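Worksheet for the structure shown next.
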Amino acid sequence: MAHDVFICHSSKDRTIANAICATLEQHRIRCWMAPRDVLPGSDYATSIVEAVSGTRLTILVFSDRSNQSPHVRREIERTVSRGIPILPFRVEDVVPSPSLEYFISDAHWLDALTPPLERHLEQLVIVVQALLASLPTTHETAPAAGVDQVASPPEPAPETAWPPAAPGSLWTMAKRRPRMLIAGIVGAGCLAVLGLVGAFALAPSNPAATSPSSAPSSPSSGPPACSEVLGNSTFRRIPAPFARTAQPFTSN
């Protein structure tokens, strides 16, 4: 869970740090401090770095003991590299060491040198509430000071088909509406098959040719090819296109 305040302190100033944490949490200001919020079994240094990155404000309990602590110096350095503001809460009149002064020289101090401590804690609550109200809700990590930013390589351009298809071409329609194109092709095929079936069904049928011996003659079936006997003479009727005169002949 993200916290509002990271309390940076020396282990020898834990009593004052606990009093600060309790007072702020009574006013619904979420605090993170070690070793209280370090998960048992987890890496201690990793927990510190993640806590610093996940808070919006760091309160430094500044004393002679924290001024000499290398752990406090590392926590303040991580805070500055993340672009998180620092509020020094000075409980002893001590001059900062050069390594610590480099990080907190431009911060406004809040002195708590004279007793009682509770009066200074009330003032601390007011200042923290005002600072949190002016900060963004979700802190965005700032780049570390002095670190060169490497530009990311440009993204490759999207591949385009060549030659480019016209907006209303068949290729464009196929890419955008493949299902509609397939349905149109299937429908056109079905219509073609139905047209062929209808053409065969409506075409006139041609009767098969029959031999003269098997097909019976009919008066209405055109000129007969068979012989007609009239009396003692037999005449052969030749089909009209080839007949000129009838040739009589005598039967045996």
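Identify the residue in region 85-107 that is in contact with a strand residue (DSSP E or B) (Cβ under 8 Å, 6 or more places away or on another chain) and among the hydrophobic types (A, V, I, L, M, F, W, C) and, among all such residues, is farthest from HIS120 (Cα to Cα).
Out of the qualifying residues, it is PHE103.
Report, ordered by the first and then the second residue, all pairs with beta carbons closer than 6 Å, sequence separation of six or more or different chains, a first member in region 80-104 that is in a strand (DSSP E or B), and a second member that is among the aromatic types (Phe, Trp, Tyr) and surrounded by 19 or more Cβ atoms within 10 Å (Cβ to Cβ).
From region 80-104, the pairs are PRO88/PHE62; ARG90/PHE62.
Test each condition in (1) at pLDDT below 90; (2) surrounded by 12 or more Cβ atoms within 10 Å (Cβ to Cβ); (3) more than 20 Å from ILE20 (Cα to Cα) for PRO154 and report the one that comes out false.
So the condition that PRO154 fails would be (2).
Go through the residues of region 27-40 one by one and say whether even a single one is out of contact with any Asp or Glu (no Cβ under 6 Å at 6 or more places or on another chain) and part of a helix (DSSP H, G or I).
no
Would you check if GLU75 is among the acidic types (Asp, Glu), under 42 Å from the mean Cα position of the chain (by Cα), within 21 Å of VAL125 (Cα to Cα) and at pLDDT 95 or above?
Spelling it out, it is not the case that GLU75 is among the acidic types (Asp, Glu), under 42 Å from the mean Cα position of the chain (by Cα), within 21 Å of VAL125 (Cα to Cα) and at pLDDT 95 or above.
Can you pull out every residue in region 43-67 that is surrounded by fewer than 22 Cβ atoms within 10 Å (Cβ to Cβ), touching a residue at least 40 places away in the same chain (Cβ under 8 Å) and farther than 27 Å from PRO136 by Cβ?
SER63, ARG65
What residue, of SER134, SER105, is among the small types (Gly, Ala, Ser), at pLDDT below 95 and over 43 Å from the mean Cα position of the chain (by Cα)?
SER105
The values are calculated or read from the model by the stated rules, or taken from the named source; none is laboratory data. Since this is a predicted model, take the numbers as computed values, not measurements. Here Cβ is always computed from backbone atoms with ideal geometry, including for glycine, and neighbour counts include all displayed protein chains.
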